[in-house]
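Peer 1: I have a structure here, written as structure tokens, and I will follow up with some questions on it.
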Amino acid sequence: MLLRILNYLNEHSRMLKMLFFAFLALTVVFDFYAERHAPHFFGDSIIGFWSGFGLLGCLGMIVVWKGLSHVWLAKEEDYYDK
Amino acid sequence: MISSTIFIHPATWFLMGAVLLPFLNKRAGLKKGVLIAVPVIAFTVIHWLPDSFGQVSYMGFDLVFGRVDQLTRVFLHVFTVMAIIGCIYGLHVKETGQHIAAFLYVAGSLGVTLCGDYLTLFIFWELMAFASTFLVWYRKKTRSIEAGFRYLLVHTTGGLVLLGGIFLRYKNIHDLSFVQIAANGATFADYLIMIGFMLNAAVPPIHAWLPDAYPEASVTGAVFMCAFTTKTAVYVLARGFPGFEALAILGAIMTVYGVGYAAIENDARRILAYHIVSQVGYMVCGVGIGTAMAVNGAISHAYAHIIYKALLFMGVGAVLEMTGKTKLNELGGLYKQMPLAMIFTVIGGISISGFPLTSGFISKSMIIAAAGESHRIGLLLMMTLAAVGTFLSVGIKLPYFIWFGKDSGVRAKDAPWNMNLAMGIAAFLCFFFGIYPEYLYKMLPFPVNYHPYTAYHLSETLQILGFTGLGFYLMVKKLKPEPKMNLDLDWFYRKGARVFMVFASRPVLSSDGWVNDVYRRIGFRLTMALAKAISWFDWEGIDWTIDGSARGVVEGGNRVRSLMTGKIQHYIGGAIALTFIILIIVMLV
């Protein structure tokens with residue numbers, strides 16, 4: 001039963017993708033209507049601020065940390081055993 | 001009078017359980033009964049605690065074993081719930097030693113939570129450190145033996161700093177009671193104590209022991225460890241040091257530091273370990289901000305975090321138990337084989353990410369909102385960025401590369417029933433607190449005037465999570481796990497130790513000669529006699545009446561020990577035994 005659902009979803013990844021993009025669009029639309037009590041700082045009053053924060057934060061984090069890892073931090077797994 | 005109240009203390013039950021367990025080796029049913037009964041009794045007992053009990057005067061010191069207020073109650077609640085879940089998860093484990101270590105560890109944690117003075121705190125604090133080291137060693141791999149020694153050394157160092165602080169504080173004010181310290185009147189002694197606490201909370205730069213040791217612990221050991229050490233540290237920080245600016249800033253740094261490393265790590269349990277650093281960062285930051293709302297948030301987050309982080313460690317532990325693997329580059333496509341473990345892990349993943357209707361949504365946001373209300377925008381943004389990274393690596397990356405991604409060809413089936421039951425309970429709790437936050441909120445020490453389910457908070461959360469998902473979708477190729485390890489600050493003592501060894505082997509060794517001579521004549525004989533006495537007790541005292549399994553453990557230890565010098569397990573075992581004897585004498589006399 002569980003497996004059948006998972007298999008079904010796995011075979012219909014295109015549909016999932018469309019659903020996901022629809023969800024993203026909806027969250028931004030919802031932000032137009034969300035009532036803002038006592039905003040803490042300027043970002044709280046910009047529509048879609050957190051969308052940009054989420055996307056840029058995610059991309060930025062991957063670039064910065066993956067970069068750090070490649071340039072400096074990553075070592076062979078037996079680094080300390082040698 | 002003390003002896004009649006001793007059974008009120010929940011730690012007593014775990015200590016009695018630990019003493020009883022070696023005698024139940026041949027009775028698997030009874031042993032399982034004890035494993036379930038002890039945490040359940042402890043969970044019941046904590047509801048009937050008086051506000052104060054177990055005051056003992058010992059050599060002029062006033063020791064307080066039981067000081068109970070709302071802050072204590074909420075931590076006792078989650079610790080005993082977690083003990084129940086952990087014991088169910090480890091029910092199938094045959095090595096009694098692992099159960100004993102877990103019981104002692106939980107007892108230490110409960111003891112710290114209940115104590116009202118620094119001396120009692122220190123005893124239970126060290127008990128936690130020693131007992132949890134065995135949870136690492138019981139993995140029985142060379143790597144875990146080494147990691148366990150490093151873990152023990154780091155915690156011993158931290159313990160000494162704490163002890164130094166306690167002594168200095170006593171010298172200054174002649175008072176050992178464990179109460180809140182005002183941020184503006186704190187002395188050097190208080191900061192030493194705080195550093196000792198911060199080490200256990202894995203605050204950078206003294207955090208590296210955590211991602212070093214936890215991934216090398218045994219499957220059930222890691223589940224216990226992820227819950228108790230850091231959260232007991234959060235408790236003592238919340239008790240002693242709310243409003244300390246250093247905590248607010250370091251906590252916010254922690255949140256980002258942890259998720260950054262989690263984004264580049266390959267070992268699933270190491271990813272989770274770095275996320276402990278990150279999540280505990282929220283709590284440390286909340287304690288550091290120090291307002292009623294922030295401290296409430298820190299405590300509710302500690303509660304929620306213990307449950308979902310244990311759930312994550314249980315899910316990944318189930319994969320390790322069934323496949324023997326935790327490295328993401330060796331896993332993939334497991335959804336057909338371990339669907340239950342996948343569902344539970346994903347529930348843990350969405351809880352830690354703070355999805356609406358899960359426990360993370362109602363606890364983490366409280367700290368972030370408290371930062372906003374105190375106009376700490378820098379802290380607010382760092383913590384929100386950490387939330388992005390959390391969803392990226394635990395919410396998506398980890399389940400994706402274990403259960404989906406490319407099929408690794410690893411074949412396995414779902415874990416035993418008891419593991420799934422434990423995961424089921426934890427998963428239920430994740431949703432329960434997400435849907436009924438009031439249940440958690442009314443346990444908190446300050447009245448709560450916070451409503452997580454507002455339209456704007458929902459909108460903010462859904463946008464952040466959704467667009468983080470988009471980021472993953474765009475960068476999934478870049479995130480492909482690689483079989484590498486990443487340097488962290490443990491480099492200093494792992495590589496630095498070699499420099500020390502070179503130094504020690506030359507000048508120190510020669511000047512050390514005469515000390516050695518003295519030691520050989522006197523100290524060595526004493527320690528050998530002690531070791532003999534302990535092993536005699538182990539062999540004759542226990543094995544005679546039961547079977548050879550304790551001897552088996554010693555032999556296992558012997559094989560392990562061939563890697564090391566000396567009989568350090570014996571010394572540590574002896575130290576624990578001695579601590580107990582002293583403790584029992586103190587409590588009964």
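Peer 1: Accessible area of residue A:36, 1.4 Å probe, to the nearest 10 Å²?
Peer 2: 60 Å²
Peer 1: How much FRET efficiency would the formula 1/(1 + (r/R0)^6) give for residue B:292 and residue A:45, where r is the Cβ-Cβ distance and R0 is 25 Å, rounded to 0.05? Spell out each step's value before the answer.
Peer 2: On the way: r = 27 Å, r/R0 = 1.06.
According to the calculation, E is roughly 0.40.
Peer 1: Can I ask one more? Just read off the accessible area of residue A:44 with the full protein assembly in place, 1.4 Å probe, to the nearest 10 Å².
Peer 2: Answer for residue A:44: close to 10 Å² accessible.
Peer 1: So how do B:132, A:45 rank on accessible area, 1.4 Å probe, biggest first, that is with the largest at the start?
Peer 2: Working: B:132 0, A:45 70 Å².
The residues order as A:45, B:132, largest area first.
Peer 1: Show me you know the interface measure: the accessible area buried between B and A, both chains summed, probe 1.4 Å, in Å² to the nearest 100.
Peer 2: Working: alone 24690 and 8030 Å², together 27680 Å².
Buried: approximately 5000 Å² between A and B.
Peer 1: With every protein chain present, what is the per residue accessible area of the protein assembly as shown (1.4 Å probe, Å²)? Please list the in-between numbers first.
Peer 2: Numbers: 27680 Å² over 671 residues.
On a per-residue basis, the protein assembly as shown sits at 41 Å².
Peer 1: Taking each residue of A:42-50 in turn, how many C-beta atoms of other protein chains fall within 10 Å of its C-beta, and what is the average? If you can, show how the numbers build up before the last one.
Peer 2: On the way: counts 1, 5, 4, 0, 0, 1, 3, 3, 12.
Average neighbour count from other chains, rounded to a whole number: 3.
Peer 1: Something else about it: Carbon and sulfur together cover what percent of the accessible area of region B:232-332 at a 1.4 Å probe radius?
Peer 2: Carbon-and-sulfur percentage of accessible area, whole number: 53.
Peer 1: What distance in nm separates the two pseudo spin-label positions at residue B:504 and residue B:414, each 7 Å out from Cα along the beta-carbon direction?
Peer 2: Going by the 7 Å Cα→Cβ label model, 5.0 nm.
Peer 1: How do B:19, A:28, B:154 rank by accessible surface area computed with a 1.4 Å probe, from largest to smallest?
Peer 2: Numbers: B:19 95, A:28 45, B:154 25 Å².
Ranked from most to least accessible, the order is B:19, A:28, B:154.
Peer 1: Which whole number gives the average count of other chain Cβ atoms within 10 Å of the Cβ atoms across peptide B:485-494?
Peer 2: Numbers: counts 8, 8, 8, 1, 0, 1, 4, 0, 0, 2.
Per residue, the number of nearby Cβ atoms from other chains is 3 on average.
Peer 1: Moving on. Please tell me which of these pairs span more than 32 angstrom C-alpha to C-alpha: B:413/B:480; B:141/B:406; A:82/B:413; B:140/B:171; B:26/B:484? Walk me through the intermediate numbers first.
Peer 2: On the way: B:413/B:480 25 Å; B:141/B:406 29 Å; A:82/B:413 36 Å; B:140/B:171 43 Å; B:26/B:484 43 Å.
Beyond 32 Å: A:82/B:413; B:140/B:171; B:26/B:484.
Peer 1: Just want the answer: with Cβ charges of +1 for Lys and Arg and -1 for Asp and Glu, which residue in B:52, B:399, B:127 is farthest toward the dipole's positive end in the protein assembly as shown?
Peer 2: The listed residue farthest towards the positive side: B:399.
Peer 1: Suppose accessible area is computed on protein heavy atoms with a 1.4 Å probe; arrange A:47, B:8, B:581, B:264 from highest to lowest. Display every interim value, and only then the final one.
Peer 2: Working: A:47 70, B:8 45, B:581 90, B:264 15 Å².
These residues rank, largest area first, as B:581, A:47, B:8, B:264.
Peer 1: What is the average number of partner chain Cβ atoms found within 10 Å of a Cβ in B:347-357?
Peer 2: Working: counts 0, 0, 0, 0, 0, 0, 0, 0, 0, 0, 0.
Average per residue, whole number: 0.
The values are calculated or read from the model by the stated rules, or taken from the named source; none is laboratory data. Worth saying up front: this structure is predicted, and the values here are computed from it rather than measured. Note that each Cβ is placed from the backbone with ideal geometry, even for glycine, and that neighbours are counted across all protein chains shown. In case anyone asks, the SASA skips ligands and DNA or RNA and just uses the protein heavy atoms, side chains included. Shrake-Rupley method; radii C 1.70, N 1.55, O 1.52, S 1.80 Å.
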